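Okay, structure first, notes after.
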Amino acid sequence: MRLKYFWLIPLVFWGLVVGASFRWNWQQLDQQVFDTATSQGRDIFRMIEAMRLWNSRHGGLYVVQSELTPPNPYLNVPDRDPVTTSGLRLTMVNPAYMTRQMATTILEQTGIRVRMTSLKPVNPDNRADPWETAALQRFERGLQEYAEILPGSDAQIRYMAPLVTHQACLGCHESQGYRVGDVRGGISVSFPVAPIAAAVVPHRHTVLFGHLLSWAGLVALTIYAMRRIRTHVGALERARAEQERLVEVRTAELRAEAGERRLAESQLRHLVEATSGGIIGVDAEGCCQVFNPTAARLLGLADTQMLHGVQLAPILAGRSPKLASMLLNALDGVAQAEEAVALAVGAEAAVTAEIRVDPIVESGHVMGAVISLVDATERQARQREIWHQANFDHLTGLANRSLFLDRLERMLALQARAARVAAVLFIDLDGFKPINDRYGHATGDAVLVEVARRLSAAVRSTDVAARFGGDEFVLGVSDIASRADVERLAQKVLDAVGAPYRIGEIRAELTASIGIALFPEDQQSTDLLLAAADEAMYRAKEGGKARYCFYSPEESAKSR
């Protein structure tokens, strides 16, 4: 940069420094607005939660029926609508009913929107919107609260916290399968952040103008100091110019030599860069001229000095016919590249290499060829490992849902073409959760691994066994001769799963409920066949567990 542009240095430097400080302070003010709005949302939630808890601890409260408070159609409890001795009609107001009425009043009086939601709502009006659904899913994973400012012309703060099941809540929610400590839903609070944001506007002005003044002052001081130095810099520039003139005079006779040296260095640099892997160079006759150690290691050749001037194609053919063919094609002027070529290395296992063979062409004539080799053995192994992790259950080693569905789809296609019968067995372990809760996840995992081993031993190599997650397993069985074959297999699975488990000093027992769906009798698509087996499994559980049950269209119609 020339000296006349020296003033740009403080402009840019202090602009970056002050700009970074301004951005940090501005973000702190944004965080203050967010924290204040979140705190207000939290206070509103806690107040409503406290009133709900008071209501539930008193078993609900009775109010006079009116147009504003009709009987709650979603509350199914005894004595919901009693009549006093004087004929006054009452109705019970439980925490949920009270929350909805309070939300209406709060919205009318303050403009604050309060909404009670759940992933399994009793009242369809309480169904969660997409934002609330995402928050509820976070709560189920352990998050205690969630807040976000939604931008727009009327920016809103949305705050949500979970509703945790207490003992007093089970009177209404035990039928939904909730237990004490479960997250059964949440309450979201939303209101405009404009009043809160307006409170920090003076602080924003202070930050803005303070940084502008600081930047201007620092730039002015720096320019003043640099102007004082400029005189000295000018003298140094003049001295440097004189020195450069003397150097140019004294090195004039060396320029040609320096140019040649730079060319040689450039050629050497390109050669070093090109030989990061193995490299082999041959002349137009295919005789070896260059053979670096990496190439020798990949091809299992110890004495490369003996190869100089020797026809290379016959030697390469013993390690890789493909590589020898690529070399001959390159000598004909055709460049080739392969991502994975197996190279035999003596008695050891073959290595996999990425290979490129390029002809050296000058004035339209092939003067030789260069072979580049890169060891790809580890990359290929990593790719296989990644595929295995993506398609197999990490705990049991069985196929996961994705791989099972793919293999089941192929199986059903083959069975359809051969007019054969296949079956899907949906297996759910009975009594696994108590084992997991009592002895811990390590023991539970060991039990699951043993179950997977027993299931694998119970089926043929042509069948498919998979774990869908938790304690759910699925079998895909092909080439079934009769319904009795499936029954024998199901009983075999029940016996295998029902045998005692010994994990260290722990002895555990469990059973299985199995649902069976046949192809093509019950369903003809993968998804519907799996759903039919799942439905049959639930009927097996309802029928007493430790049993199997075939899918029945009639029973399915009744359940709807």
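The values are calculated or read from the model by the stated rules, or taken from the named source; none is laboratory data. Note that this is a predicted model, so its numbers are computed, not measured. Glycine also receives a Cβ, built like all others from the backbone with ideal geometry; neighbour counts cover every protein chain displayed.
Computed values, structure above
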item: Per-region count, the range 506-530, residues touching a Leu at 6+ places or on another chain (Cβ under 6 Å) and in a strand (DSSP E or B); result: 5
item: Scan of the range 9-35 for residues that are in contact with a Phe, Trp or Tyr (Cβ under 9 Å, 6 or more places away or on another chain) and aromatic (Phe, Trp, Tyr), ordered by number; result: Trp14, Phe22
item: Condition met for Tyr538 (in contact (Cβ under 8 Å) with a residue 12 or more places away in the chain and crowded, with 18+ Cβ neighbours inside 10 Å); result: no
item: Scan of the range 468-505 for residues that are of a type in the set (D, E, K, R), loosely packed, with under 13 Cβ neighbours inside 10 Å and assigned to a strand (DSSP E or B), ordered by number; result: Arg502
item: Test: residue in the range 221-234 that is buried (at least 16 other Cβ atoms within 10 Å of the Cβ), modelled with pLDDT of 80 or more and either over 27 Å from Ala155 (Cα atoms) or not hydroxyl-bearing (Ser, Thr, Tyr) (or both); result: no
item: Residue list for the range 47-79, filter: part of a helix (DSSP H, G or I) and in contact (Cβ under 8 Å) with a residue 40 or more places away in the chain; result: Ile48, Glu49, Met51, Arg52, Leu53, Asn55, Ser56, Arg57
item: Qualifying residue in the range 71-84 (condition: loosely packed, with under 14 Cβ neighbours inside 10 Å, at positive phi and among the charged types (D, E, K, R)); result: yes
item: First in the range 462-490 and free of Cβ contacts under 8 Å to residues at least 24 places away in the same chain, second anywhere and in a strand (DSSP E or B) and among the polar types (S, T, N, Q), Cβ under 8 Å, 6 or more apart; result: Thr462/Ser478; Asp463/Ser478
item: Residue in the range 387-397 that is among the charged types (D, E, K, R), closer than 19 Å to Gly498 by Cβ and either buried (at least 16 other Cβ atoms within 10 Å of the Cβ) or in the same structural domain as Met537 (by TED's automatic domain parsing) (or both) present; result: no
item: Residue count for the range 159-182, restricted to those that are touching a Phe, Trp or Tyr at 6+ places or on another chain (Cβ under 8 Å) and either modelled with pLDDT under 80 or not in a strand (DSSP E or B) (or both); result: 3
item: Extreme residue, surrounded by the most Cβ atoms within 10 Å (Cβ to Cβ), among residues of the range 429-442 that are in contact (Cβ under 8 Å) with a residue 24 or more places away in the chain and touching a Gly at 6+ places or on another chain (Cβ under 8 Å); result: Ile435
